[in-house]
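Please read the structure below before turning to the comments.
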Amino acid sequence: MKKGLLVFILLLAVAPWVVPPFYVTLLNYIGLYGLVALGLMLLTGVGGLTSFGQAAFVGLGAYTTAALSTGVIELPAAFAWSQHSPWIALAAGLLLTLAVALILGALTLRLSGHYLPLGTIAWGISLYYMFGTFERLGGQTGMSGIPPISVFGYQLTTANQMYYLIWVFALVAALTTQNLLDSRQGRAIRALKGGVVMAEAMGVNTARSRMVIFVIAALQACASGWLYAHLQRFVNPSPFSLQYGIDYLFMAVVGGAGQVWGAFLGAGVITVLKQWLQDLLPSLLGRTGNFEMIVFGALLVLLLQRSRSGLWGLLARLAAKVLPKRTVQRAPPTPVASADPLPRRAMPPRGEVVLQARAVTRRFGGLVANNAMDLTVHAGEILALIGPNGAGKSTMFNQLSGVDTPTSGEVLFRGQAITGRDSRDIARLGLSRSFQHVRLMPEMSVLENVAIGAHLRGSRGVLASAWRLDRAEEKRLLAEAAVQVERVGLKEHMYADAGSLALGQQRTLEIARALASDPSLLLLDEPAAGLRLQEKQALGELLRKLRGEGMAILLVEHDMDFVMGLVDRVVVMDFGQKIAEGLPDEVQKNPAVLEAYLGGVDE
């Protein structure tokens, strides 16, 4: 990867000297478009948030620098020294875009499903028409006379002179984005695609992560607009319309949503292909028109059928078939075993009440899923919560872990009331869980998936991650993840994609992720489902070891042989309420339990 990047930078450096001026202009636009598509790669490809409004942020950057650097908007006397400075205008544009993005994000990111992209269309159109409405901004005619950018007293007045500045911005943005994704904050962002419930249960502030990538994408688009304005020395509303917003999204998707360098690949392919088709199609058809858009639509549908990971994914698969295996094989990351261990939570004394549920009731309209449920879990014990399908076990799990809030009743964790608190806060107190239906990031490695569980044990922020100032903490987090992967018996799969594991191994991986948060209480929802006999035996040994260390474990399980040979106590539910509680042998002979499971008891 590093060699490929060096070759790419070298080719970019020599391009203005060896290609005609027309292609230098195309490369300039590829850099500008790629900068916007890079933000969309982060927002849509990684975070799963579709936006059609990025062109409006490009317009904010362009119009801010046009208005300030031409003097259309006069600054107060105290700031007159900065008037007409493109660099001051860049800072002003970024600050304005930051403020607008925070406001729009607060409104838009609360939406979900198809409402989110519709919301981005709404404010994208609004900002576009705003640019053409104000006469001081030139209306639909636009603004001219934008001064050139000056670097160390050297004015960049031509396309060739702007070329290097554009690509410095593009490369810095790409490298910092790559750094961000390869960090604790980046894993939190990538976890958004795994669903809010999973991410929040692992301690990720999903609302903050969504806002972070929304703001980053907006700021990158603003920087592109600033460069565009000083390249063209003229702006009007046309390049900031919804059509351009769609084009930017196409670039991110075509290049490879989720791939940093795919953003530039998509920008390059679409920019060059559009230019070729605009020249070729009219001569072939004998008439003018937007025929290239028809071709683009057909090609996009074909591409998405063949490769939903875009051109980058398609090229990667072709390279794997054509090139020698050792050339394309992913190298494992640098070993992290020597990192200092993370601090560990003090386990509660054996026998202490860790979790207590008092008369927990959950109603969904007329349906009572949990009815006055009482439950107590002690440190150093394994408690099983069993019952027929539909008994309300998973709903009870959700009440205990903060995924859902009881209609009435109270939940205490180590003496603190946690009823109504969100799962992220509860996870910080020392409660972690797995899920009935496996929730992993299939394209991330086993190690990275487990490291998501350690999110709350780190503290470095977005800027530190983007500029590689978090490496010491990152090394410790990955070392902790590696310990947990080995602990559950998945060491040989540590660098494999989580999606390549068998279902039983994926369930084991979820346990490792939960353990990475250093919990004092572990909630396991059907951990043995899909495991083979030897895997169940290994899981049983692991849970017994955790119990011996003082951890409290509450598990839901349907495999009675596994449960009865492992747990200390059993609570049985039926129709949302507790019908029995006691030692495994006692519960198995309880008439109410036999009635619930077998439909009756022989007299």
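The values are calculated or read from the model by the stated rules, or taken from the named source; none is laboratory data. Treat the numbers as computed from the prediction; the structure is a model and nothing was measured. Neighbour counts run over all protein chains shown; Cβ positions are idealised from the backbone, glycine included.
The table for this structure:
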quantity	calculated
Residue selected from the stretch 498-544 under the condition among the polar types (S, T, N, Q) and either over 25 Å from the mean Cα position of the chain (by Cα) or not in a helix (DSSP H, G or I) (or both), by the criterion nearest to F562 (Cα to Cα)	Q537
Enumeration of residues in the stretch 330-346 that are surrounded by fewer than 10 Cβ atoms within 10 Å (Cβ to Cβ), among the small types (G, A, S) and at pLDDT 75 or above	A346
Options A320, A257; residue that is closer than 23 Å to W167 by Cβ and under 31 Å from the mean Cα position of the chain (by Cα)	A257
Positions within the stretch 527-550 being touching a residue at least 60 places away in the same chain (Cβ under 8 Å) and buried (at least 19 other Cβ atoms within 10 Å of the Cβ), in sequence order	P527, L543, R547
Members of the stretch 259-299 found to be charged (D, E, K, R) and crowded, with 19+ Cβ neighbours inside 10 Å, listed by number	E292
Selection from the stretch 284-321 of residues that are closer than 17 Å to E443 by Cβ and not in a helix (DSSP H, G or I)	S307, R308, S309
Members of the stretch 531-590 found to be out of contact with any strand residue (DSSP E or B) (no Cβ under 9 Å at 6 or more places or on another chain), aromatic (F, W, Y) and at positive phi, listed by number	none
So M564, is it assigned by TED's automatic domain parsing to the domain that holds L355 and touching a residue at least 60 places away in the same chain (Cβ under 8 Å)	no
Long-range neighbours under 7 Å by Cβ, at least six apart or interchain, first residue surrounded by fewer than 17 Cβ atoms within 10 Å (Cβ to Cβ) within the stretch 489-500, second among the acidic types (D, E)	G499/E443
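Matching residues to (1) more than 22 Å from Y244 (Cα to Cα); (2) surrounded by fewer than 13 Cβ atoms within 10 Å (Cβ to Cβ); (3) touching a strand residue (DSSP E or B) at 6+ places or on another chain (Cβ under 9 Å); (4) not assigned by TED's automatic domain parsing to the domain that holds T25:
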| residue | (1), (2), (3), (4) |
| --- | --- |
| V58 | no, no, no, no |
| I73 | yes, no, no, no |
| S85 | yes, no, yes, no |
| L118 | no, no, no, no |
| M130 | no, no, no, no |
| P148 | yes, no, yes, no |
| Q155 | yes, yes, yes, no |
| A159 | no, no, no, no |
| F169 | no, no, no, no |
